[in-house]
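To keep things clear, I will list the structure first and then write my remarks on it.
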Amino acid sequence: MSFSQLGLSDKVLSAVQAAGYTTPTPIQSEAIPHVLARRDVLGIAQTGTGKTAAFTLPMITMLENGRARARMPRTLILEPTRELAAQVQENFDKYGIGQKLNVALIIGGVSFDEQDAKLTRGVDVLIATPGRLLDHFERGRLLLTGVELLVIDEADRMLDMGFIPDIERICKLVPFTRQTLFFTATMPPEIQRITEQFLHNPVKVEVSKPATAAITITQKLVRTGREAFEKRETLRRLIKSQDPFKNAIIFCNRKREVGELHRSLVKHGFNAVCLHGDMEQSARTAALDKFRQGEAKLLVASDVAARGLDIPDVSHVFNFDVPHHADDYVHRIGRTGRAGKSGVAISIVAPSDTKSLAAIEKLIGQSIVWDGDLPAPASDGEERREPRRRKPQASRNRNEPRERSQAKPAPETKPAPVARLSDVRRKSEPKPAPEQDADTSHLPAFLFRPTRIKA
Ligand code: AMP
């Protein structure tokens, strides 16, 4: 199947060619003809599958006819984070080249007035985070009655961030007759309910992450002590010992840790920037730009800020903290090994991480190897510390996403396994690591090496 068979306009086909894409990805070839036929689409796909172009390309084709009116956007795209919204805008710049498309970005953390001026001029495509969009609507600066097409992207992420009530409200503000394109990586019951309520006879398109991207990631575990300074020391040693090494995203579980680790790395002479939800938008954009352009080699980030970011060519991902939610692990390591390039994902594992690690290995259906076949740190008897519960917030700034809820519903669709085959141990095999207190000195060392399945 080629792009020319999908029904896209000549201008869009030239832009696709200029971008260097020759073959549509599965979600593109399956979804684009239905979008152009004005059907509602339920796309079950993660970032990295080419889903952004699956909706931007047909949208640009459809928007070639007609004009925007002041304050009445013709199409609306909802994104959970400002960075994802900006990324979608870049797609319109790239594929809408040579077209007179008015695209506006309505996100929190930047001036209302500039956004307002853009809305007044009339926009073909409005890309927004839900909170800021509703703020403009409530000020009477925006009419949603002209929306012909609504895209809800990363819906399961919206659920995690507490945006579903806002999404439901927005769905009721746009015309009943609009076309809806709905994308989610997983289908928890709450998302299922929303799709039943707001999609009309949708075509369901389901794709898994491309296997080529998945098998290019080498995953490893490295043991560390329980104290923060020990973890930071381990991380510095790891960064210095990677060869080849280009750059890395380092994930922490909490925003506070992101700041602390960033300061420590800079103090030790590393070229690092950081990204978390409490930063000013201008600082977030500047940090990302520095990292994208290679000026900074390390990006220390939280999950909320970094989910779904498309940064090509990231050679390493480090989990400074093992994530509490197993599906976050899959998203984190998916920041490397993109577009067929190889990548390395290393998790720093403290004794208290054993339960989280077991949940990750269960989700991906594989055991991850210990670097240098070092044994797993035996649990030090200390129960895994539960992630700190946030105090209930009396009033939330709508423009800032809520932290991920602790009681996240289990995803129904499991992400594809992501380890190299050669890294896989049979699940039924005993763990190679001997218990710390067991006397194993009389046993030969080879008994503790993991057996591997041939690739
Ligand atoms: P997305 O899933 O939208 O985040 O896209 C992931 C990456 O795939 C982006 O860097 C896109 O530029 C790239 N991409 C999208 N469509 C294609 C295609 N047909 N061929 C190759 N790369 C693509």
Of all helices (runs of 4 or more DSSP H) fully inside the range 1-91, the set with 3 or more residues that are of a type outside the set (Gly, Ala, Ser) and either more than 14 Å from the ligand (Cβ to nearest atom) or under 30 Å from ARG141 (Cα atoms) (or both) is 26-36, 51-63
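Kindly indicate which of SER302, SER315, SER282 is more than 19 Å from the chain's Cα centre (by Cα) and among the hydroxyl-bearing types (Ser, Thr, Tyr). Spell out the reasoning first.
On the way: SER302 fails: more than 19 Å from the chain's Cα centre (by Cα); SER315 fails: more than 19 Å from the chain's Cα centre (by Cα).
Sole residue among the options that is more than 19 Å from the chain's Cα centre (by Cα) and among the hydroxyl-bearing types (Ser, Thr, Tyr): SER282.
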Just checking, which of GLY225, GLY146, GLY131, GLY162 is closer than 25 Å to ARG67 by Cβ and of a type in the set (Gly, Ala, Ser)?
GLY146
Based on what the data block shows, is ARG292 more than 26 Å from THR49 (Cα to Cα) and open to solvent by 40 Å² or more (accessible area, probe 1.4 Å)?
no
Run down VAL41, VAL12 and say which single residue is touching a residue at least 40 places away in the same chain (Cβ under 8 Å) and in contact with a His (Cβ under 6 Å, 6 or more places away or on another chain).
VAL41
Residue satisfying condition, being open to solvent by 10 Å² or more (accessible area, probe 1.4 Å), modelled with pLDDT of 95 or more, farther than 30 Å from ASP327 by Cβ and away from the ligand (no atom under 16 Å from the Cβ), within set PHE137, PHE112:
PHE137
Can you tell me which residues in the range 257-301 are within 17 Å of HIS316 (Cα to Cα) and among the acidic types (Asp, Glu)?
GLU295
For the range 1-23, which positions are out of contact with any Pro (no Cβ under 8 Å at 6 or more places or on another chain), open to solvent by less than 80 Å² (accessible area, probe 1.4 Å) and at pLDDT below 95?
ALA19, GLY20
What pairs can you find where one residue is in the range 175-199 and more than 23 Å from THR75 (Cα to Cα) and hydrophobic (A, V, I, L, M, F, W, C), the other is open to solvent by 30 Å² or more (accessible area, probe 1.4 Å) and not in a strand (DSSP E or B), and their Cβ atoms are less than 9 Å apart, with a gap of 6+ or different chains?
MET187/PRO411; MET187/GLU412; MET187/THR413
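The values are calculated or read from the model by the stated rules, or taken from the named source; none is laboratory data. In this text, all values refer to a predicted model and were calculated from it rather than measured experimentally. Every residue, glycine among them, receives a Cβ derived from its backbone with ideal geometry; neighbour counts consider all protein chains shown. To get the accessible areas, we keep the full protein, side chains included, count just its heavy atoms, and leave off ligands, DNA and RNA. Shrake-Rupley method; radii C 1.70, N 1.55, O 1.52, S 1.80 Å.
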